[in-house]
Each structure stands twice: as structure tokens, then as C-alpha cells.
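First comes the structure, then the notes that go with it.
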Amino acid sequence: MRASRPRYASSMDRSEIAIFPLSNVVLFPRVQTPLHIFEPRYRQMTEQAIESNRMIGMVVVLPDHLHELAGNPPVYPIGCAGRLAQAQRLPDGRFNLVLAGIARFRILSEPPRPPEQLHRIAEVEFLSDPYPDDERERVVELRRAIIGNLSVLVGHADPSGAAGFTTEAFGEMDDATFVNSLAAALALHPQEKQGLLDANSIPERFERLEGLVSFRVAELQSHGSTGSGRIH
């Protein structure tokens, strides 16, 4: 029997949304992420999102609980809500999606759900990404440092690792899109990406990203020309 459509409660800063726990996908605001949906519970989640607010909350499973992915593992409290930009239903019931990140959130609770509700629902508080005017000069310097370090890494990367990546592609982006796009695009560890998502402001996210990229450059230089330059 098909599950009844949930009644999502919402306000200006709180909402009940479906959450999608994964081990290695971190969604950021202003960034699009492709997803392939095949499990029955997440097919249900997708169908209900299409019929309601088209919103899905992406969250990352805690590292010590990856073996519980088939169940209801604990997740990081900070996630990112995305809106379905594309949803293609395949003949066998699977879906190909493109999810566009819109806002970070903090999980407040997971209310009880009826047996026919296969996927998880959470009450969340939406979070802003403030960007104070007095931090903009510092962000200019951090952005310049990130681009410089990326140039070093790309110059040492193997062709498959560097394919399609150029710093010029980010030249016209505003600061928030720049830092979020790089945070999503670079092959960082999921916990490192989670740390970037956790940052409480755009300047703080820049600072954390610059630290990660600078560390990779230092690693590369300490190993001489034997390093690949990839961010991993």
C-alpha cells in the first residue's frame, strides 16, 4: 500500500523535511548535486517530495556508524536542504535527480513516523550564512590564497585528477558561490567537507577551506615531485 503523503509543517525558519543520510555526499547551498535513487524508501521520499515541496535534506552519517546505512544511523546535526531541480523517473521505478542546495539546517528532532513511512523525517531549523561587511577584505585575501594554492595543486596533478578543472571557471562567481562550489568540487574527505558545511559564516568557510588547501600544498612540497597534488 502506498504511504500517505506527509504533512510537512513549516515556518520562516523551521520545517519538517525528508532527510537523506549518505556516507559521502555533502550538499552545499548554491551547488547542484546529481543523485541516483534506487532504494524503496528513497523512491518513496522522492515521490513525496515531487508531490509536495520538492525539498530533500541531505545529511552525512557519522563515521563510526557507516555499517548501519541500511537502517537509521546517527547523522551529523548540520545538513543542507536542496530543491529538486530535475527529477527523471526511470521505467523500473528508480530516479535520476539533480538537487540544488538552498540552505543549511540544524536537526532539532526526528518525530515518530507511521509504519508505512519508510524514510526519515526531521524537524529542522534553517541556518543563514552571514557575510559581515567588515570581513570582506579578509575574504579577498583568503580567496586569492586559495586560487594560488589551487594553481600549485593543479600544476602537479595527474591528468585524470585535474581534468576539467581550471581556476578561471570561478573568476566571475560571487564569494558565497565560489567557496561553496569549491567545497563541493574538491575531492576532500567527507568529514572535511562536513567541517566546511558546519562553518557558521561565509568568512569562516573561506578560512577553513584555505587551511585545507594550504595543508595539501605543504604536503605536496614536503614530498617533492613524488606527490600527485590531488586533494584527497
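Laboratory data are not the source of any read-out in this text; all were calculated from the coordinates shown. Computed from a prediction, not measured in an experiment: that's the story for all the values here. Note: ideal-geometry Cβ built from the backbone for every residue, glycine included; neighbour counts use all protein chains shown.
Under the Karplus relation 6.51 cos²θ - 1.76 cosθ + 1.60, θ = phi - 60°, what is the ordered set of whole-Hz ³J(HN,Hα) values for segment 124-134, x standing for Gly and Pro?
In residue order, the calculated couplings are 10, 10, 6, 10, 8, 10, x, 9, x, 4, 6 Hz.
For a paramagnetic label modelled at 7 Å from the Cα of Leu90 toward its Cβ, which residues of segment 38-73 fall within the zone defined by backbone nitrogen distances under 20 Å?
38-50, 70
For segment 83-113 and segment 124-139, what is the centre-to-centre distance using only Cα atoms, to the nearest Å?
26 Å
Could you list the GluC sites (Glu not before Pro) in segment 65-135 that lie in coil according to DSSP, counting only those with at most 10 other Cβ atoms within 10 Å of their Cβ?
Glu116
Calculate the FRET efficiency for Asp133 and Ala70 from the Cβ-Cβ distance with a Förster distance of 41 Å, rounded to the nearest 0.05.
Efficiency, rounded to the nearest 0.05: 0.30.
Classify segment 14-127 as rounded, prolate or oblate, taking a ≥ b ≥ c as the square roots of the eigenvalues of its Cα gyration tensor: rounded when a/c is under 1.5, otherwise prolate if a/b is larger than b/c and oblate if not.
rounded
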